[in-house]
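The values are calculated or read from the model by the stated rules, or taken from the named source; none is laboratory data. Values in this document were obtained by computation on a predicted structure and should not be read as measured data. Glycine also receives a Cβ, built like all others from the backbone with ideal geometry; neighbour counts cover every protein chain displayed.
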Amino acid sequence: MKSIFNLFTSVKFTIVLLIFFTLSSGLGTFIPQQRSPDEYVARFGQLANVLIGLQLTKLYQSLWFIVLLCLLALNIIVCTLNRLSPKFKKVFRPRLIIKTKELIALKIMTKLKINKSLDTTKKELKRELSSRHYRIKETEKEKKAFLLARKKILGWFGADVVHLGIIIILVGGITSGLGGFKKNLIFSEGEVLDIPEAGIKLRLDKFETEYYPNSSVKDWKSTLTILKKDKPVLSRVIEVNHPLSYKGFVFYQSSVEWDWTNPSVEIWIKKSKNPSFLRKIKLKVGEKVRLEYENTQIAVLYFFPDFVINERNEITTRSLQPNNPAAFIEGWQADEKIFSGWIFTRFPDYSRIHSNKETDFSFELKDFKTDQFSVIQVRKDPGANFIWAGCTLLMLGLFLAFYWSSREIKVILEEMFGKTEITAGGVASKNKDAFQVEFKKIAANLRRLN
Amino acid sequence: MNESILFQIAFILYVISAILYFSFLFSKKENTAGIGFKFAFVGLLFHTIALILRTIECGHAPFTNMYESLSFLSWASILAYIIIEAKYKILKAGPYFILIVIALMALASSPLMPKEATPLVPALQSYWLWLHVSVTLFGEAFFAMAFITSIMYLRTDLREKKNKVVKSSPSSEKLDSISYRCIAIGFPLFTLGGLIFGMIWAYKAWGRYWSWDPKETWSLITWFVFALYLHTRIVMGWKGRLSAYIAAIGFLAALFTYFGVNYLLAGLHSYG
């Protein structure tokens with residue numbers, strides 16, 4: 001038991017853990033995580049079974065990684081506590097009576113003789129130290145006076161505060177992992193969805209997509225209303241980066257999905273022999289429209305948002321995103337089919353229209369319209385507040401550790417034949433050079449008493 | 001005057017500065033290095049105006065693609081160098097450091113980097129873009145500075161050990177301590193910008209503060225390497241060579257987080 005405890009108090013063990021942790025997290029970035037077994041077999045062949053067996057395919061959620069994380073947490077806790085109690089004692093209940101040789105052993109120390117009485121010297125020294133914002137404790141014993149002057153004592157605890165922050169962050173991570181809740185809601189405008197976990201219903205009043213002039217997406221905005229017992233309690237517009245919080249539940253604008261069940265398209269018709277001829281028609285897929293020209297009817301038979309011809313030579317859609325919108329159109333005169341073919345929004349030059357009869361029509365698929373679903377993610381993350389508290393402590397601790405230099409000066413004053421002999425030594429947690437300069441200045445100011 | 005001309009002027013000034021610095025290394029005339037320093041400073045001014053113009057021109061923080069972020073990193077690095085030089089006086093680190101900046105600037109102006117400003121995708125439209133990226137890159141600039149001083153330490157230390165009498169300037173102790181000072185600045189900045197601001201932004205934009213995305217994981221790895229540096233140094237008293245090696249590895253990890261993840265590993269951070 002004792003040897004296990006000793007292991008956890010050792011910094012060498014920390015270093016081994018840090019190295020292991022670093023290497024294994026790095027490994028996880030080179031193996032795609034959380035994919036299907038087939039994908040691993042396709043990519044790694046025989047090796048796939050080994051990877052899956054060692055849980056390297058879900059490394060950050062694997063038992064051994066979590067054990068490693070717990071060992072590190074335990075190591076941090078044990079090391080910090082182990083150092084903390086002597087440190088507390090030193091800082092809050094310091095030993096005032098010390099031996100001269102303890103001071104002589106310090107790197108920053110000095111010995112002085114002042115031609116004044118002990119009381120005068122001590123008064124002057126205390127004045128000097130207070131003017132430099134030192135706080136002083138003193139005592140006397142056997143005609144010797146002992147001074148302990150300190151400032152910025154919190155600087156000694158920088159690393160401990162950092163460690164506490166990290167532990168709280170880990171606690172937050174565990175809390176999120178165990179108590180978190182996440183759900184994707186796919187809404188169309190006007191729809192009300194029940195969220196029993198939060199005891200509320202959510203209504204999407206309005207959904208709009210904003211575009212940049214170059215037609216890339218600028219933002220998605222959803223107007224949400226929270227209903228409690230079917231009564232609206234809160235209405236808010238949310239967009240990406242601006243979620244809505246309600247009693248621990250947070251609603252995020254996640255993305256959009258397209259509803260391709262009933263799209264409509266806008267087609268521009270031109271005639272090559274007549275440049276001024278332009279007809280813009282809007283119609284739904286499956287609909288037939290009569291042009292007031294040469295008694296022609298036109299119909300859109302199919303529409304694919306992301307047109308592709310697959311390995312089996314079938315025409316299909318690669319995704320539900322409108323990456324390559326394409327429509328298949330047919331034209332009729334009386335009962336005779338005169339043309340048919342595919343037209344593309346992004347690639348008008350690739351449009352292929354097969355004509356059975358001499359015509360000079362050309363077609364462009366200018367636009368399409370369809371409903372969009374707003375995808376709203378609902379989350380409850382009980383760990384998040386721990387994380388922010390931990391992060392605050394972490395930064396505070398780093399600041400204390402690097403920039404809040406604690407300084408401590410110990411002085412023994414002894415009266416000898418009306419003169420005072422001073423032995424002084426000092427310690428600083430950081431920036432020892434600057435401390436040495438201050439220390440020398442204090443000594444020089446005292447010497448001026450002579 | 002447009003942004004790209006100002007950028008090129010800054011680039012040329014940095015190159016002149018590097019030439020002066022290197023001639024100082026050979027001639028040992030501190031005067032030359034002093035002029036080199038002034039050139040770098042004037043370059044920084046031009047570069048600052050270039051970044052401001054870029055911000056006005058594209059209407060968002062100037063680090064949304066590789067060209068912009070490289071330009072900003074070079075700018076932050078020069079600023080970091082000027083701060084360290086003003087405080088600790090290590091002119092000899094100048095030539096090597098300016099060389100890193102020139103490499104970054106050259107990469108930024110290479111035809112491989114698309115330079116046109118593109119509108120921001122929804123996830124990037126947040127003031128956290130400013131906070132997260134700028135603070136992180138500043139941290140990395142100080143890591144770069146620590147890298148240079150660590151490498152110089154390794155060389156100086158070797159030379160001092162070989163010819164025992166010769167004390168070089170700057171001394172190996174000074175280089176070791178400057179390297180530590182740079183990490184003492186870079187580490188808190190990187191923690192704040194890279195990890196904490198990153199987590200806050202991820203929470204606001206994606207709804208989770210941590211998702212083991214490769215960029216996140218590699219930031220954490222970088223952080224752990226520097227944590228290792230601090231523990232071995234402060235608790236175990238490993239100064240000198242081992243410390244210098246760890247600082248160098250830390251910078252390489254930061255470099256991989258910055259470049260490697262974008263080009264080699266796919267993830268949530270694949271923006272530009």
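Can we say residue B:117 is of a type outside the set (S, T, N, Q), touching a Cys at 6+ places or on another chain (Cβ under 8 Å) and within 12 Å of chain A (Cβ to nearest Cβ)?
Working: of a type outside the set (S, T, N, Q): yes; touching a Cys at 6+ places or on another chain (Cβ under 8 Å): yes; within 12 Å of chain A (Cβ to nearest Cβ): yes.
Yes, satisfied.
Among the numbered criteria (1) surrounded by 19 or more Cβ atoms within 10 Å (Cβ to Cβ); (2) more than 22 Å from residue A:28 (Cβ to Cβ); (3) more than 22 Å from the chain's Cα centre (by Cα), which one does residue B:239 miss?
Of everything listed in (1) surrounded by 19 or more Cβ atoms within 10 Å (Cβ to Cβ); (2) more than 22 Å from residue A:28 (Cβ to Cβ); (3) more than 22 Å from the chain's Cα centre (by Cα), residue B:239 misses just condition (1).
Taking residue A:28 as meeting all but one of (1) more than 10 Å from every other protein chain (Cβ to nearest Cβ); (2) in contact with a helix residue (DSSP H, G or I) (Cβ under 7 Å, 6 or more places away or on another chain), write down the number of the exception.
Looking at each condition in turn, residue A:28 falls short on (1).
How many residues are more than 9 Å from every other protein chain (Cβ to nearest Cβ) and more than 20 Å from residue A:59 (Cα to Cα) if we restrict to region B:211-252?
The total comes to 19.
Anything in region A:193-234 that is within 13 Å of chain B (Cβ to nearest Cβ), without any contact (Cβ under 8 Å) to a residue 40 or more places away in the chain and in a strand (DSSP E or B)? List them, or say none.
A:208, A:210, A:211, A:217, A:218, A:219, A:221
Against the conditions (1) at the interface with another protein chain (Cβ under 8 Å from one of its Cβ atoms); (2) modelled with pLDDT under 95, where does residue B:262 fall short? Just the number, please.
Condition (1) is where residue B:262 drops out.
Are any residues in region A:235-253 in a loop (DSSP other than H, G, I, E, B), facing chain B (nearest Cβ under 8 Å) and either of a type in the set (A, V, I, L, M) or touching a Lys or Arg at 6+ places or on another chain (Cβ under 6 Å) (or both), and if so, which ones? If you could, list the steps in order and put the result at the bottom.
As a first pass, look at region A:235-253 and keep what is in a loop (DSSP other than H, G, I, E, B): A:240-241, A:243, A:247-248.
In the following step, the residues that additionally are facing chain B (nearest Cβ under 8 Å) were identified as A:240-241, A:243.
A:240, A:241 - these are the residues of region A:235-253 that are in a loop (DSSP other than H, G, I, E, B), facing chain B (nearest Cβ under 8 Å) and either of a type in the set (A, V, I, L, M) or touching a Lys or Arg at 6+ places or on another chain (Cβ under 6 Å) (or both).
In region A:238-260, what residues are surrounded by fewer than 17 Cβ atoms within 10 Å (Cβ to Cβ), over 18 Å from residue A:201 (Cβ atoms) and without any contact (Cβ under 8 Å) to a residue 60 or more places away in the chain?
Matches in region A:238-260: A:242 only.
For the condition part of a strand (DSSP E or B) and surrounded by fewer than 17 Cβ atoms within 10 Å (Cβ to Cβ), what is the one hit in A:87, A:123, A:111, A:101? Let's see the steps before the verdict.
On the way: A:87 fails: part of a strand (DSSP E or B); A:123 fails: part of a strand (DSSP E or B); A:101 fails: part of a strand (DSSP E or B).
Testing whether each residue is part of a strand (DSSP E or B) and surrounded by fewer than 17 Cβ atoms within 10 Å (Cβ to Cβ) leaves just A:111.
Name every residue in region A:427-444 that is surrounded by 15 or more Cβ atoms within 10 Å (Cβ to Cβ) and over 38 Å from the mean Cα position of the chain (by Cα), in order of residue number.
Residues satisfying the conditions are A:427, A:435, A:438, A:439, A:442, A:443.
Could you grab me the full set of residues in region A:285-296 that are surrounded by 16 or more Cβ atoms within 10 Å (Cβ to Cβ) and part of a strand (DSSP E or B)? Step through it out loud before you land on a result.
Restricting attention to region A:285-296, the residues satisfying the condition of being surrounded by 16 or more Cβ atoms within 10 Å (Cβ to Cβ) are A:285, A:296.
Residue satisfying the conditions is A:296 alone.
Yes or no: residue A:390 touching a strand residue (DSSP E or B) at 6+ places or on another chain (Cβ under 7 Å) and among the small types (Gly, Ala, Ser)?
Numbers: touching a strand residue (DSSP E or B) at 6+ places or on another chain (Cβ under 7 Å): no; among the small types (Gly, Ala, Ser): yes.
So residue A:390 fails the test.
Being outside any helix (DSSP H, G or I) and either in contact (Cβ under 8 Å) with a residue 60 or more places away in the chain or closer than 21 Å to residue B:172 by Cα (or both) is the filter here; which residues of region B:60-100 pass it?
Taking region B:60-100 and keeping what is outside any helix (DSSP H, G or I), we get B:60-65, B:89-90.
Result: B:60, B:61, B:63, B:64, B:65, B:89, B:90.
So which residues in region A:266-305 are out of contact with any strand residue (DSSP E or B) (no Cβ under 7 Å at 6 or more places or on another chain) and either among the hydroxyl-bearing types (Ser, Thr, Tyr) or not assigned by TED's automatic domain parsing to the domain that holds residue A:351 (or both), if there are any at all?
Passing the criteria: A:276, A:293.
Can you tell which of A:23, A:63, A:74 is surrounded by fewer than 17 Cβ atoms within 10 Å (Cβ to Cβ), within 12 Å of another protein chain (Cβ to nearest Cβ) and at pLDDT 90 or above?
Values: A:63 fails: within 12 Å of another protein chain (Cβ to nearest Cβ); A:74 fails: within 12 Å of another protein chain (Cβ to nearest Cβ).
The unique qualifying residue is A:23.
Among all residue pairs at least 6 apart or on different chains, which show Cβ distances below 6 Å where the first residue, located in region A:264-278, is under 18 Å from residue A:300 (Cα atoms) and the second is hydroxyl-bearing (Ser, Thr, Tyr)?
So the pair list comes out as A:270/A:362.
Filter region A:368-427 down to the residues that are in a loop (DSSP other than H, G, I, E, B) and modelled with pLDDT of 90 or more and list them by number.
Residues of region A:368-427 that are in a loop (DSSP other than H, G, I, E, B), as a first pass: A:370-371, A:381-383, A:404-406, A:417-418.
Within region A:368-427, A:381, A:382, A:383, A:404, A:406 meet the criteria.
Only one of B:136, B:191, B:156 is farther than 30 Å from residue A:376 by Cα, among the β-branched types (Val, Ile, Thr), more than 8 Å from chain A (Cβ to nearest Cβ) and without any contact (Cβ under 8 Å) to a residue 60 or more places away in the chain. Can you tell me which?
None of the others qualify; the one that does is B:156.
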